[in-house]
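These notes are about the structure you will find just below.
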Amino acid sequence: MAVCKMKMVSMLADIGSIDRVIDACISSGCFHPEMTTDLVGNNGFTPLYGDNPYRQRLSELDDMLADAGTEGELVELDSTPSDDEVSEMLDRLHEQLISTGLKKQELLDRLDKKRKYIDSLRHFESLDVELEKVLHSEFIKVRFGRLPLEAMTKLKAYENNPYILFLPCSKEGDFYWGVYFTPKSHADEADRIFASLFFERLRIADCKGMPRDAITAMCSECDGISAEIEQLEQKIQNYFEHEHDNVMRTYSYLKRKNDCYEYRRFCAGHSDFFMLAGWVAEDSAREFLETINSIGGVKIEFDDPDKIKRISPPSKLRNKKVFRPFEMYVSMYGLPRYNELDPTPFVAITYTVLFGIMFADLGQGLLVLLAGLFMYKRMNMPLGKILVPCGASSMCFGTLFGSVFGFEEALNPMYRALGFEDKPIDVMGSANMLLGLAIVIGFVLVLCAMGLNIYSCLKQHNIGGALFGPNGLSGMVLYSSLVLAVAPMIVDFISVPAAVLIPCIVIPLLLIFMREPLGSLVSRGREPMPESWGEYIIDSAAELFDVFISYVSNTLSFLRVGAFVLIHAGMMVAFFSIAELFTNPIAYWAVIVLANILVSVLEGLLVGIQVLRLEFYEMFSRFYNGDGKEFRTALSDAE
């Protein structure tokens, strides 16, 4: 449960060695850069940044690679290419792609135009007329196109006009596709009438045969164009396969030079020197020092974070391998501050246990475990690593509750062999006990969260928060006393004498009420008294009321733990009742299988979300801020 200790690194060197220093920082993979001007202030240093001569060329190469359907790969450079070699490679690549790309785009445009033409011509496929004869008629004008549905009604007004004849061929959406015929002598009149009816003309090119024959011919042309496009794509692919190594060497060179130049924005210059500052994990400091010293002529200093006032250190989590998958959940809430407690192990343990209780089934837990393994091994999904322990936990609690794919009696022989008369916990017959146990779990976890808050406050030298805060020692005593006072009213529980309870409630209340002045007293250099006692009393009273509400709501929120146990069992009972309605064994088992799949997916998702909600709202809110700065070595992410 720790954040890696950091060292502030300050490097001062001659401006001529800036590229080598930056390249070493990037290559080390352990250096988090900071804006050096923020560190040194106005001491003669100025930001060191200008136009990047490599940015444009790298962007052009990225675009060309994207056009070719590939991505840049970083490779080791056994020798550094010269700028002339890079320019020559880019020119060759550009020429190859431009000439091929222009021809490919021309073919794509032709193909798109023909396909749209074919789609339009299909509306006239039912016509049994030869298009070339119709289009070149000596006395008749023919217009192909579409007419809105409402225009068909208006067209009836011209029924007595022998020169207006519209022949519908097909209907699509709000339009009729068809043809109108008119003598050439009356073509202008017919065109005006149909234009007023919003007729949209389709200009038919010279086609031979019937519409279906023209469609077949054009489809054949489209196949030929597609084949030409494939040949061009294969030509580009062959070129990249042949020049792959050279292209990727060029890409790697430009990427490194671009990154080094972009890194300059973190540097500060003064006369003929430059300065670069950043953070290195304490366990990587020696290796980083050796890397920088190998350059020569670089003055490097390491400082502890508590000596740096202007910049806060970034947070780099350090957890055991078994806990690392749960760092994803912590990052979703926010990383811890540098001196704050890392809650990853706490989340890993509590999330796994709560998930197992709420999704207690030996068989379905096995499905979750296998799904997690598949997601991690085959799909490389981080969530898979979390589902594996959660599935194992579900199997453990499913064994305790005696549930295997919803069969509540399946493990009874095992229990009898172990000396039990029946399974230890009958879920449907122990509802009150499970809900009460959920409240106890909530009480224990809230106390744990308060204990973590005390530890975190002490770690950050916040003595007042550790002693007098609502989640500090005073809050812990108050919360425990309130629970001990209320518990005998609900269940058969040992009553604590009022002479003990009342002081344990009143004294913490007063300490929490006065936490700001008391916190100021135990912290040096702070004013112990509020400026306005009236405002302070009102604000503190409101905050105390909110503290009571949070104690109640956070504790009762854990009822969902017991509720989901009951819901899980209840859903399976309902599905078994449905399955028993079928006398056919195949139908019966089909319902059981589908029920298990549905419950595993749906309830697994809901339980995962609800447990995460308990972590964030009921526990994190008591001891964790999560407003830390992530330790990043990548140039694109570093700030």
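Quick grid of which residues meet (1) within 30 Å of V75 (Cα to Cα); (2) surrounded by fewer than 17 Cβ atoms within 10 Å (Cβ to Cβ); (3) over 34 Å from the mean Cα position of the chain (by Cα):
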{"position": "T216", "(1), (2), (3)": "no, yes, yes"}
{"position": "E221", "(1), (2), (3)": "no, yes, yes"}
{"position": "E228", "(1), (2), (3)": "no, yes, yes"}
{"position": "K235", "(1), (2), (3)": "yes, yes, yes"}
{"position": "N238", "(1), (2), (3)": "yes, yes, yes"}
{"position": "E243", "(1), (2), (3)": "yes, yes, yes"}
{"position": "M248", "(1), (2), (3)": "yes, no, no"}
{"position": "R264", "(1), (2), (3)": "yes, no, no"}
{"position": "G269", "(1), (2), (3)": "no, no, yes"}
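Rundown of residues vs (1) in contact with a His (Cβ under 7 Å, 6 or more places away or on another chain); (2) closer than 30 Å to S474 by Cβ; (3) buried (at least 18 other Cβ atoms within 10 Å of the Cβ), yes/no style:
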{"position": "D539", "(1), (2), (3)": "no, yes, no"}
{"position": "E543", "(1), (2), (3)": "no, yes, no"}
{"position": "D546", "(1), (2), (3)": "no, yes, no"}
{"position": "V552", "(1), (2), (3)": "no, yes, no"}
{"position": "L559", "(1), (2), (3)": "no, yes, no"}
{"position": "W589", "(1), (2), (3)": "no, no, no"}
{"position": "L594", "(1), (2), (3)": "no, no, no"}
{"position": "L605", "(1), (2), (3)": "no, no, no"}
{"position": "V611", "(1), (2), (3)": "no, yes, yes"}
**Request:** Kindly indicate whether K113 is under 27 Å from S220 (Cβ atoms) and open to solvent by less than 60 Å² (accessible area, probe 1.4 Å).
**Result:** no
**Request:** Looking only at the stretch 178-193, decide whether some residue is under 13 Å from F124 (Cα atoms), surrounded by 13 or more Cβ atoms within 10 Å (Cβ to Cβ), under 49 Å from the mean Cα position of the chain (by Cα) and of a type in the set (A, V, I, L, M, F, W, C).
**Result:** no
**Request:** Enumerate the pairs (first residue in the stretch 241-263 and farther than 14 Å from D62 by Cβ and in contact (Cβ under 8 Å) with a residue 24 or more places away in the chain; second residue anywhere and open to solvent by 20 Å² or more (accessible area, probe 1.4 Å) and assigned to a helix (DSSP H, G or I)) with beta-carbon separation below 6 Å, excluding pairs fewer than 6 apart on the same chain, so at least 6 apart or on different chains.
**Result:** C260/D19; C260/D23
**Asked** Counting only residues that are part of a helix (DSSP H, G or I), over 22 Å from the mean Cα position of the chain (by Cα) and free of Cβ contacts under 8 Å to residues at least 24 places away in the same chain, how many does the stretch 584-607 have?
**Response** 11
**Request:** Working only within the stretch 326-345, note down all residues that are open to solvent by 10 Å² or more (accessible area, probe 1.4 Å) and of a type in the set (S, T, Y).
**Result:** Y329, S331, Y333, Y338
**Item:** Candidate set from the stretch 361-370 (those that are touching a residue at least 60 places away in the same chain (Cβ under 8 Å) and open to solvent by 10 Å² or more (accessible area, probe 1.4 Å)); member that is farthest from L383 (Cα to Cα)
**Value:** L367
**Prompt:** If you scan the stretch 24-64, which residues turn out to be part of a loop (DSSP other than H, G, I, E, B), closer than 16 Å to N258 by Cα and open to solvent by 50 Å² or more (accessible area, probe 1.4 Å)?
**Reply:** Y49, D51, P53
**Prompt:** Given E290, E282, which one is more than 36 Å from the chain's Cα centre (by Cα), open to solvent by 10 Å² or more (accessible area, probe 1.4 Å), of a type in the set (D, E, K, R) and farther than 11 Å from I22 by Cβ?
**Reply:** E290
**Request:** Note down all Cβ pairs under 6 Å where the first residue falls in the stretch 613-626 and is buried (at least 16 other Cβ atoms within 10 Å of the Cβ), the second is not in a helix (DSSP H, G or I), and they're at least six residues apart or on different chains.
**Result:** E618/S557; R622/N471; Y624/P343; G626/G334
**Complete:** When the stretch 65-79 is checked residue by residue, the ones that are under 27 Å from the mean Cα position of the chain (by Cα) and either modelled with pLDDT of 75 or more or open to solvent by 100 Å² or more (accessible area, probe 1.4 Å) (or both) are L65, A66, T70, E71, G72, E73, L74
**Request:** Evaluate the following for S10: is it open to solvent by 20 Å² or more (accessible area, probe 1.4 Å) and of a type in the set (S, T, Y)?
**Result:** no
**Item:** Selection count, the stretch 312-325, where residues are open to solvent by less than 80 Å² (accessible area, probe 1.4 Å) and not small (G, A, S)
**Value:** 7
**Complete:** Residue pairs within 8 Å by beta carbon, gap of at least six or interchain, first lying in the stretch 210-235 and under 10 Å from I118 (Cβ atoms) and assigned to a helix (DSSP H, G or I), second aliphatic (A, V, I, L, M) and at pLDDT 85 or above, listed first then second, are C222/L111
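So that you can scan it fast, the table gives a plain yes or no per residue for (1) touching a strand residue (DSSP E or B) at 6+ places or on another chain (Cβ under 7 Å); (2) modelled with pLDDT under 85:
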| site | (1), (2) |
| --- | --- |
| L147 | yes, no |
| A151 | no, no |
| E159 | no, yes |
| Y163 | yes, yes |
| Y176 | yes, no |
| R192 | no, no |
| S196 | no, no |
**Message:** Condition (residue is at pLDDT 90 or above and over 22 Å from G297 (Cα atoms)) applied to the stretch 6-17: is it met by at least one residue?
**Reply:** yes
**Test: residue in the stretch 285-303 that is in a loop (DSSP other than H, G, I, E, B) and under 30 Å from K423 (Cβ atoms)** = no
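Which of the residues belonging to the stretch 127-173 are of a type in the set (V, I, T), in a strand (DSSP E or B) and open to solvent by less than 50 Å² (accessible area, probe 1.4 Å)?
V142
The values are calculated or read from the model by the stated rules, or taken from the named source; none is laboratory data. In this text, all values refer to a predicted model and were calculated from it rather than measured experimentally. Heads up, the Cβs are rebuilt from the backbone with ideal geometry, glycines too, and the neighbour counts pull from every protein chain shown. Keep in mind that these areas ignore ligands, DNA and RNA; they rest on the heavy atoms of the full protein, side chains included. Shrake-Rupley method; radii C 1.70, N 1.55, O 1.52, S 1.80 Å.
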